[in-house]
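What follows is a single structure, written as structure tokens, with notes after it.
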Amino acid sequence: MNYRFTSIGILSITAFLTTTAKTTWLVENSTYTVDTMYHATVGPGTTLTELKVNGPSGTNNMFYTRIELSNQWVEIRAAKAGNSMRAVETVPDIAKRFNSSEANYFAGINADFFNTKYPYNSLGACISNGQLSNRQTTGDAADIDDYYLCIDESGEPRFARHVTLATEGSVMFPDGQGIICKINALHGTNSLVLYTPQWQFIYNGTTYPVGQTGTNGYCTEVVVKPIDGSRTIWGHSGQLEVIDSPVNGVGNMKIPDGCYVLSGHGTSANAVNNLKKGDVISAYMGFKADNSNFAAREVIGGFPYLLQNGKIWPTHSYPEHLPNKEPRTAVGYNEDKTVMIMLVVDGRNAGGSAGATQSQMAWFMKNLGCRDAMNFDGGGSSTMYIDRLGIRNIPSTSSLDKDREEGEPRVVVNALFAVSTSPVDNEVASIEIVDKYLNLVSGQQYTPTVYGYNKYGALIDKNLTGYKCKISPLIAQTTHNTLTGADGEYSGVLTVEYDNATYSIPVYLNGGGEYVSAGIENVTVDNESDIPYVYYNMQGVKIDNPVDGMPYIIKQGSRVTKQIFKH
């Protein structure tokens with residue numbers, strides 16, 4: 001049996017259907033209506049969806065990214081403002097700081113809570129691309145023991161309630177001597193400390209420059225560099241090469257980018273002083289997540305859990321605003337950890353959005369498919385950033401932001417990003433119409449906004465030109481890619497073509513009616529897989545017995561692949 005087909009792009013069935021019809025959510029045992037205002041691919045394996053959600057507590061504007069973690073060209077990374085422990089920057093500025101030809105920080109949200117006054121201490125520590133930023137401490141550990149999102153070296157996420165860093169850290173010297181080692185901490189008698197470039201020492205009101213140890217002349221120090229190619233040594237052993245001669249009796253050594261400084265006091269100073277340029281030492285920096293050893297590449301804090309194993313966490317009173325309706329930010333992942341959701345909800349009436357409580361955020365994340373989720377800092381900090389599209393939400397202001405206008409991003413201490421690691425490529429390989437369906441009336445003019453993507457799925461053009469529109473003349477006349485609605489009541493499809501790329505959306509003229517095609521020729525049904533087809537009508541309702549002569553969306557496996565037209 002032959003049918004007429006046209007490609008509708010590579011969209012998940014959920015993403016496509018939520019853009020064509022209203023749906024409902026259950027939130028705190030009440031029914032909320034959900035309207036999709038925007039949906040588009042924004043990077044490799046990543047979509048951005050914007051929702052208007054209405055319920056008994058008011059209207060909320062939501063912005064969320066859905067990131068397919070199995071995509072080989074996308075990674076989840078933490079990023080520390082200023083790449084130093086006491087700096088603050090806006091989410092867009094953090095992205096710009098970390099962007100490179102090998103890594104594009106294309107979608108991000110604000111993350112951890114922090115002190116809005118200097119020294120801007122965050123609630124927890126941050127491991128960003130293998131580098132550690134933490135609060136100054138006199139203890140053995142780098143003082144992280146809160147709520148954390150941890151990403152291992154394979155890119156798999158997990159939440160941890162209790163995290164411990166470097167309580168079991170140690171360095172093995174060439175002579176076979178092993179010494180317990182702390183990280184980014186104040187020295188004690190005979191102690192050994194490893195300092196990272198993000199460290200900034202404060203003592204008796206004096207702030208030392210970023211990237212210097214801040215130690216005194218009682219310490220012996222040496223610069224070492226990782227040589228095993230690993231992006232992190234937190235949670236496993238790594239080798240460090242001594243790249244210069246030790247310096248004793250001076251202290252406050254500068255920590256070069258990409259290196260560490262090993263600093264010894266007392267008996268540990270003697271061990272450091274015996275090193276020479278070219279020596280190799282072994283370092284183990286212990287990292288535990290909920291008492292389990294964990295090789296951590298990215299770590300970022302928040303508070304508290306929203307969901308754990310699909311169950312809603314009880315509302316906390318600290319910070320005291322969690323039971324209140326406020327702007328909020330959250331992160332979560334699905335049951336098999338193949339999808340990550342980053343969500344921002346506006347509040348304080350910015351854009352007419354009421355804001356959400358901790359409990360409501362938990363329900364929102366559950367409705368978005370998360371099994372586990374954690375709350376990030378909210379209020380004026382809440383920011384949803386897409387590199388090609390800018391800030392999508394309306395960051396609110398408060399008494400803390402006297403010099404900031406509503407809509408401008410607040411400086412924050414760190415952020416979480418979806419990062420494209422694909423090669424640089426500016427050739428359009430696929431396209432997408434921003435509107436996922438079109439309601440057209442007679443005489444109305446419409447010009448589609450078309451996004452262009454390279455072969456890796458990176459958004460490279462948000463206003464593509466040079467495409468060609470195809471639509472039945474019974475529905476619209478086309479002049480230079482501008483459609484003008486015709487007379488009558490019809491349903492059909494608008495197809496946009498650009499080189500070898502096509503994308504189609506359903507069109508309803510004057511409410512819809514008789515279905516007409518755009519003259520697409522017959523194409524034989526694909527037989528590429530044994531997975532059975534599932535049929536949906538244009539409103540997203542599943543059809544058990546499709547009828548010849550009617551349009552349908554067909555789903556095969558986890559993907560929408562084709563759209564079926566008249567027989």
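Structure data summary
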| quantity | calculated |
| --- | --- |
| Separation between Cα centres of the range 293-346 and the range 243-273, rounded to whole Å | 39 Å |
| By average C-beta atoms within 10 angstrom, highest first, the peptides 308-314, 456-462 | 456-462, 308-314 |
| Relative contact order for the range 175-267, counting Cα pairs under 8 Å that sit 6 or more residues apart, in percent | 35 percent |
| Packing-based ranking, highest mean first, of 206-218, 259-271, 33-45 given that Cβ atoms within 10 Å are counted | 259-271, 33-45, 206-218 |
| Within the range 163-293: Cβ-based charge dipole about Cα centre, in debye rounded to nearest 20 (Lys, Arg +1; Asp, Glu -1) | 140 debye |
| Linear extension gain, ASP403 paired with ASP336, 0.36 nm per residue minus alpha-carbon span | 19.7 nm |
| Table column - 3J(HN,Hα) (Hz), the range 99-105, Karplus curve with 6.51, -1.76, 1.60, x for Gly and Pro | 4, 8, 5, 9, 8, 10, 7 |
| Furthest towards positive pole of dipole, PHE376, GLY352, ASN324, structure part the range 318-388, Cβ charges | GLY352 |
| Derived scalar couplings ³J(HN,Hα) [the range 485-502; Karplus, 6.51 cos²θ - 1.76 cosθ + 1.60; whole Hz; x for Gly, Pro] | x, 8, 8, x, 10, 9, 10, x, 9, 9, 10, 10, 10, 9, 6, 9, 9, 9 |
| Cα pair distances exceeding 21 angstrom across the range 408-495, given as percent | 49 percent |
| Options VAL261, PHE201, SER292, ranked by Cα towards positive dipole end of the range 163-293, top entry (Cβ charges) | PHE201 |
| Net +/- balance of residues flanking VAL344 in space, Cβ distance below 9 Å, scoring K and R +1, D and E -1 | +1 |
| Ranked by how many other beta carbons lie within 10 Å on average, peptides 416-422, 344-350 from highest | 416-422, 344-350 |
| Shape call, the range 163-293: gyration tensor on alpha carbons, a/c limit 1.5 | rounded |
| Given LYS288/LYS311; LYS96/LYS225; LYS96/LYS468; LYS22/LYS325, the pairs whose alpha carbons are separated by over 28 Å | LYS96/LYS468 |
| Cβ-based net charge around GLY378, under 9 Å, with every Lys or Arg adding one and every Asp or Glu removing one | -1 |
| For the range 236-360: span of alpha carbons on each principal axis (Å, largest first) | 63, 33, 25 |
| Label-point separation in nm, LYS96 to TYR218, each point 7 Å along Cα→Cβ | 4.4 nm |
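Each value in this text was obtained by applying a stated rule to the coordinates, not by laboratory testing. Remember, it's a predicted structure, so these values are computed and weren't measured experimentally. Because the Cβ atoms are built from the backbone with ideal geometry, glycine has one as well, and the counts that use them run over all protein chains shown.
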